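Worksheet: one structure, shown below.
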Amino acid sequence: MVAVWSCGATPGKHVYIKNDLPSGLVISLHCLSQDDDMGTMLLAPGDQWDFQFHLNIDGGTLFHCGFTWFGAKTTYRLTVYDNSVHNGECDNCIWSIRINGTCLFSSTIHLVHCTGW
């Protein structure tokens with residue numbers, strides 16, 4: 001007899017980050033959670049990068065990204081997924097990085113909100 005114990009799979013989430021800056025501005029992007037460091041990558045204008053994950057069993061899933069570009073005044077920080085905020089709001093969270101701020105779109109709710117710097 002083989003006993004299999006399973007606590008069940010948590011729902012999958014998908015985060016997309018798109019460079020919608022003006023032509024020629026490349027984003028340097030670094031995303032991480034408490035458990036996962038995605039490393040640093042470069043996004044050319046119009047390019048996007050994405051990652052998938054499952055929620056922590058305790059529901060405390062949180063991903064942050066820091067990003068900058070040539071001529072930016074600082075490194076901007078963005079919480080791209082916080083289960084206490086985004087759960088139910090988007091299973092596919094689509095972030096648009098713009099010169100004046102960020103916009104969050106969802107595959108279920110088209111425009112969720114935009115935030116200025």
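The values are calculated or read from the model by the stated rules, or taken from the named source; none is laboratory data. Just so it is clear, the structure is predicted and the values come from calculations on it, not from any experiment. Every residue, glycine as well, gets a Cβ built from its backbone with ideal geometry; the counts of neighbours run over all protein chains shown. Ligands, DNA and RNA are excluded from the accessible area calculation, which covers all protein heavy atoms including side chains. Shrake-Rupley method; radii C 1.70, N 1.55, O 1.52, S 1.80 Å.
How much FRET efficiency would the formula 1/(1 + (r/R0)^6) give for T115 and N56, where r is the Cβ-Cβ distance and R0 is 35 Å, rounded to 0.05?
E between T115 and N56, to the nearest 0.05, is 0.90.
Pairs of Cα atoms under 8 Å, at least six residues apart: use those to get the relative contact order of the range 28-112, whole percent.
Relative contact order comes out at 20 percent.
What percentage of the solvent-accessible surface of the range 35-112, computed with a 1.4 Å probe over protein heavy atoms, is contributed by carbon and sulfur atoms?
For the range 35-112, the apolar C and S fraction of the accessible surface comes to 50 percent.
Per the Kirkwood formula on distinct C-alpha pairs, the Rh of the chain is how many angstrom?
For the chain, the Kirkwood estimate is 15.2 Å.
Which is farthest toward the positive dipole end of the chain among M38, Y81, S23, measuring Cα position about the Cα centre, with Cβ charges +1 (Lys, Arg) and -1 (Asp, Glu)?
Comparing the listed Cα positions along the dipole, S23 ranks first.
Rank F51, F105, F67 by mean-square fluctuation in a GNM of the chain with C-alpha springs under 10 angstrom and give only the top-ranked residue.
Result: F51 has the largest fluctuation of those listed.
With a ≥ b ≥ c the root eigenvalues of the C-alpha gyration tensor of the range 58-117, is it rounded (a/c under 1.5), prolate (a/b larger than b/c) or oblate?
oblate
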